[in-house]
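These notes are about the structure you will find just below.
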Amino acid sequence: MSSVRLEATTKQFGDFKAVQSMDLSIENGEFVAILGPSGCGKSTTMNMIAGIEDVTSGTIRFDGRDVTSVPVQKRGVGFVFQNYAIFTHMSVRDNLAFGLEIQGAPKAEVDKRVDEMAQFMALSHRLDAKSSALSVNELQKLAIGRSAIVEPSIFLLDEPLSNLDAAFREKMRAELRGLQRALKQTMVYVTHDQIEAMGLADRIAVMNHAVLQQFDTPDVIYAEPANVFVARFIGAPSMNILHARIGEGGVTLGGRDADFIPLSDHLMSAARDLRSPDVLFGFRPENLALTEPESPGSFTAEVVLVETVGRRNIVHLVSGMSNFLAVFGRGAAPRAGEAIGLLVDTDRAHLFDPETEERLMPMEMSHG
Amino acid sequence: MTDTALPSEKHSGAANAPADGLAESRQSLAKRLILPTQILLVFIVAFPLIMQIYISLTWWTPLDGEPWYRAYQSWNWFDNYVEIFGDPGLHGAIWRTLLFVIIAVPIEFGLGLLLAALFYEGVAARPIFYSLILMPMMIVPAVAGYIFFLIFQQTGPLNAFLGLFWEGAYDVNWLNDVNRAFFAVVVADVWQWTPLMFLILFAGLMSVPQDQMRAATILGANWRQRFWRIALPRIKAVIFIALGLRVIECFKIFDMLFVMTGGGPGVATESLSLYLYKQTFQSLEWSYVAAIGITVLVVLSVITAVILARTNKKEDA
Amino acid sequence: MLGLLLRTFAVAVFAALALLPISWMATMAFKPPAEWTSAASDLTFFPQNPTLGNFVYVFTGEAPDQIVSLDRTVWWPLFASLLTSILGTLIAVVCGTAAAYGVSREKVGGSIGLSLLQLRIFPPLAVMIPVMIMCAFLGMIDTWWGLSLIYGIVTLPFSFWLMKAYFDELPREIEEAAIVEGCSPFEAFYQITLPIVSSAVASTALFIFILNWSDYLIALLLTRSDWTTIPVYMNALASAASGQLYGAKAALGLIAAIPPIILGISIQRFLVRGLTFGALKQ
């Protein structure tokens with residue numbers, strides 16, 4: 001059990017920067033997900049924490065101790081591979097005992113701890129089975145147990161659920177979360193699946209193009225994305241981001257004066273330093289309400305398509321040149337071709353700088 | 001009646017003609033395709049086998065001046081087979097062949113494994129070294145025999161090299177001494193076939209999943225522990241194939257020995273194959289050689305059947 | 001880094017050991033007779049007076065520094081080696097591929113595969129007597145077609161098992177699709193499946209050519225003089241002339257060694273498959 005700190009950690013393969021000057025501080029016992037599209041550097045980050053990859057520059061600390069040059073064998077991390085990397089030519093018992101035997105622990109102690117771990121992982125009845133005969137869920141438990149038995153300072157998991165079908169993944173996710181709580185382990189979990197990250201992690205580190213975009217709790221990342229990438233990457237369907245123009249007390253969408261959306265002073269204060277009136281206006285599909293066309297404060301859009309998913313209607317809309325989505329409850333079901341009025345919940349809307357794509361921060365105000 | 005029923009009516013009442021006819025024509029194609037091989041097998045296996053069994057039950061030799069099918073005139077039942085048990089020349093040849101296998105194959109395996117491990121851990125300029133290391137096994141075995149005939153000459157390069165360190169090196173006669181000649185042919189065989197072991201074992205090592213090796217590393221295993229506890233156990237089947245191939249080939253070894261030593265000095269390097277060759281062309285006791293041949297076939301068939309049964313069982317498990 | 005250096009050094013030592021014997025023969029091929037058998041203390045690795053005399057001698061039968069002229073030059077054995085190896089390869093590959101397809105697709109032929117495997121396992125000398133009698137009876141001894149035929153049969157197990165492994169990997173659906181389109185089963189095999197495995201056939205053929213070219217024993221048993229192949233010709237050379245013709249034989253050895261080395265390196269990736277009858281893939 002350790003805290004982990006990455007300080008300006010960079011990884012370069014030739015000319016290619018895989019991870020760029022990453023700062024990340026993971027608390028003891030925390031469950032952190034590193035989330036991002038494939039090729040964003042999340043696996044490289046994890047491999048550097050594990051010591052599988054050297055860092056090009058920067059420092060990695062476990063509990064404040066510099067481990068940057070400690071080789072992978074000595075670093076004391078637990079690692080769960082995407083395919084679990086179970087030693088299929090060995091029995092479950094031999095898999096569990098492997099790490100302890102390598103450390104040269106006395107046989108009696110190995111046996112005792114293997115039994116304890118098997119008990120804990122509910123694998124006791126399978127101890128002498130060939131590990132190639134295990135079910136996926138037993139494999140996951142064995143993979144975690146095999147790492148946990150040597151009491152690693154942190155646990156790293158490389159998309160362990162990505163090979164599973166959707167229904168089973170949910171069950172395994174719950175099990176993983178339970179194991180993490182019971183082991184009280186610091187865990188770092190790499191995934192490209194935002195639902196998995198949102199459901200599992202205490203905090204999420206969102207990465208893109210080798211750069212850490214945002215590191216915060218799932219709620220904050222959802223409600224206050226740091227930039228356009230995070231805003232679009234988190235949430236399904238993802239956030240609508242439309243070109244807009246700053247006006248007096250609000251924004252106009254797509255250059256149509258009729259589509260003027262009044263914004264609160266609080267949100268307008270975010271645009272105070274912009275040099276041009278162009279801005280990106282972001283709002284989640286859930287934060288739209290249906291209203292009469294041309295009613296005050298609303299803007300108009302045409303319905304292209306309506307998908308019904310469970311209890312929700314996902315409505316594809318077009319306004320001016322922009323396509324975007326709205327999510328309504330089952331009750332509100334506009335028909336394709338219809339022109340509708342939309343009200344944006346401006347308390348949950350955001351403005352982004354069109355050049356840097358960073359979110360524009362409103363001025364701090366004293367509430368209540 | 002639907003349209004789909006029409007074609008089968010045309011086919012003179014054969015109800016499910018399309019499916020059955022197709023399966024039948026594929027079967028007959030397959031049978032025609034294997035025909036040439038079957039004919040060749042009858043020609044080279046079945047017919048000669050019967051002939052050999054027949055000859056082995058007589059005293060016939062080509063010196064008789066009688067064609068082989070008249071061999072029944074000297075019918076002797078199993079006398080040739082009885083003779084096998086009292087033939088010191090044959091026993092010596094079998095013993096030397098076994099000794100050769102016992103000495104050469106483990107050395108080849110050990111060196112091949114060492115090389116495979118070195119390559120697996122990573123070496124510089126790997127493709128170049130890989131090609132160079134494989135060279136010996138591509139040399140025509142008879143030519144390899146000649147190469148080592150040259151090397152082990154009393155006035156040859158080996159003694160010239162040893163002479164740099166030791167005055168008496170030029171007095172060492174390699175191929176005319178019983179023990180040294182045996183040593184020399186083992187060296188030649190190790191030189192030529194270690195690359196084969198390496199080739200197969202390295203391919204095996206490369207098939208070990210990377211993630212398992214990494215997992216072992218993260219659990220603290222050093223490369224030696226990874227090699228012995230993860231990689232080697234995983235390539236057991238490959239090791240079995242490599243050893244099996246070499247053992248079989250060692251029992252067949254002829255070309256290299258024939259060119260290098262001719263089995264000599266005396267019978268010091270006379271393998272089973274060389275013994276059979278000498279019996280065939282020097283003693284011309286063809287019926288006796290035929291009997292030995294049949295015995296060898298039976299023994300080898302039993303061994304291979306046992307091995308195949310074992311491997312099949314392993315695959316099922 | 002140190003480990004890499006040490007490993008590379010160790011492998012370099014092995015590579016040197018692998019190359020030295022070959023290069024000794026190679027340099028010998030360019031040495032004049034005076035350097036063949038000189039007192040050992042004078043032996044040098046590189047020829048002191050390099051000459052092409054040995055090659056001239058084996059190709060023309062005459063050389064200024066050789067008293068005895070050769071009654072047979074290497075031309076004909078070279079041709080014999082090439083012709084019989086190519087024809088033998090052709091027989092093995094055509095028959096083996098056809099049979100492999102039949103067995104792989106329709107499971108016909110019973111234990112044909114096992115018989116072929118046994119054919120490869122048995123020491124040839126244990127079964128040669130009836131084969132020689134039969135060859136003599138059929139007039140196959142010392143003929144190009146007799147030697148080619150036996151080469152073809154002896155290497156059949158390789159082509160059969162190798163091609164069977166490839167056909168087993170190939171989904172049947174490819175041919176079924178072709179048959180649905182109106183091909184006959186043979187057309188499906190010949191026009192669809194064969195082109196797909198053509199590079200495998202080519203590798204197999206090169207591999208088998210190497211095996212045939214490398215043969216010594218069969219040519220020794222089944223040829224007398226007209227159709228002896230290079231290895232047999234090489235080894236017989238010593239007794240044909242006065243004393244040991246070290247240099248001339250080394251030249252022949254070099255000629256015999258070069259084609260398998262070039263072909264072998266060019267199908268390096270295929271060798272594991274080839275040598276293990278398709279059991280292992282690389």
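Please treat every number below as a calculation from the coordinates, not as lab data. Here the structure is a predicted model, which means the values were calculated and not measured. Here the Cβ positions follow ideal geometry from the backbone for every residue, glycine too, while neighbour counts run over all protein chains shown.
Points worth noting:
- Proxy reagent accessibility, fewest Cβ within 10 Å first, across B:Asp64, A:Asp278: A:Asp278, B:Asp64
- Given charges at beta-carbon only (K, R positive; D, E negative), |dipole| of region C:177-274 in Debye: 380 debye
- Rounded to 10°, Cα long-axis angle of helix A:107-120 versus longest principal axis of chain A: 30 degrees
- In region C:43-100, the chymotrypsin sites (Phe, Trp or Tyr not before Pro) that fall in loop regions by DSSP, at most 14 other Cβ within 10 Å: C:Phe45
- Rg/Rh for the protein assembly as shown, where both radii come from Cα atoms and Rh is the Kirkwood radius: 1.11
- Relative contact order %, chain A, counting alpha carbon pairs below 8 Å whose residues are six or more apart: 15 percent
- Between B:Val208, B:Leu232, C:Leu119, the Cα set farthest toward the positive side of the dipole of the protein assembly as shown (charges on each charged residue's Cβ, about the Cα centre) is that of C:Leu119.
- Each Lys and Arg contributes +1 and each Asp and Glu -1, all at the Cβ; summed about the Cα centre of chain B, the dipole is approximately 1100 debye.
- The residues neighbouring A:Pro152, those whose beta-carbon lies less than 12 Å from its own, together hold a net charge of +2 under the Lys/Arg +1, Asp/Glu -1 convention.
- Taking other C-beta atoms within 10 angstrom as a stand-in for reagent exposure, A:His192, A:His125, B:His91 fall in the order A:His125, B:His91, A:His192, fewest first.
- Residue mean of other protein chain beta carbons inside 10 Å, B:56-69: 1
- Dipole magnitude for the protein assembly as shown: about 1860 debye, using +1 per Lys or Arg Cβ and -1 per Asp or Glu Cβ, origin at the Cα centre.
- MRE, 222 nm, helices only [DSSP H, n ≥ 4, -39500 (n - 2.57), over chain B, to nearest 500]: -22000 deg cm²/dmol
- Region A:200-350, relative contact order in percent, only Cα pairs under 8 angstrom and at least six apart counted: 20 percent
- Within the protein assembly as shown, percent of DSSP bridges classed antiparallel, to nearest 5: 80 percent
- Put the Cα centre of region C:47-61 next to the Cα centre of region B:244-269 and the gap is 31 Å.
- Ranked by how many other beta carbons lie within 10 Å on average, peptides A:331-344, C:85-98 from highest: C:85-98, A:331-344
- Counting Cβ atoms of other protein chains within 10 Å of each Cβ in C:107-118 and taking the mean gives 4.
- Unit charges at the beta carbon, dipole of region A:185-342: most positive-side option, A:Ala223, A:Phe283, A:Met187: A:Met187
- Stretching A:Asp111 away from A:Asp193 to a fully extended chain increases their span by 25.7 nm, per 0.36 nm per residue minus the current alpha-carbon distance.
- As a rough footprinting exposure proxy, the listed residues C:Met140, C:Met1 were ranked by other beta carbons within 10 Å of their own, and the order from fewest upward is C:Met1, C:Met140.
- Gap separating the Cα centres of region A:297-368 and region A:207-249, nearest whole Å: 14 Å
- Positive-pole candidate from C:Leu217, C:Val93, A:Gly51, dipole of the protein assembly as shown, charges at beta carbon: C:Leu217
- Each of the peptides B:280-286, B:303-309 was scored by the mean count of other Cβ atoms within 10 Å over its residues; in descending order, highest first, they stand as B:280-286, B:303-309.
- Here C:Lys164 is the anchor, and the lysines within straight C-alpha reach of less than 28 Å, apart from those fewer than 8 places off in the same chain, are B:Lys31, B:Lys236, B:Lys252, B:Lys313, B:Lys314, C:Lys107, C:Lys281.
- Solution diffusion estimate, µm²/s, Stokes-Einstein, chain C, Kirkwood Rh from C-alpha pairs, 25 °C, viscosity 0.890 mPa s: 113 µm²/s
- In chain A, the DSSP-assigned H stretches of four residues or longer account for a calculated mean residue ellipticity at 222 nm of -7000 deg cm²/dmol, using -39500 (n - 2.57) per stretch and the full residue count as denominator.
- Number of partner chain Cβ atoms within 10 Å, mean per residue of B:255-261: 3
- Relative contact order, percent, chain C [alpha-carbon distance under 8 Å, six or more residues apart]: 26 percent
- Considering chain A, its Cα convex hull presents a mean projected area of 22.8 nm².
- Using a simple spin-label model with pseudo-atoms 7 Å out from Cα toward Cβ, A:Asn163 and A:Glu307 lie 2.9 nm apart.
- Length released on extending from C:Leu19 to C:Leu83, taking residue separation times 0.36 nm less the Cα-Cα span: 20.1 nm
- Among A:62-72, B:161-171, the order from most to least packed when residues are scored by Cβ within 10 Å on average: A:62-72, B:161-171
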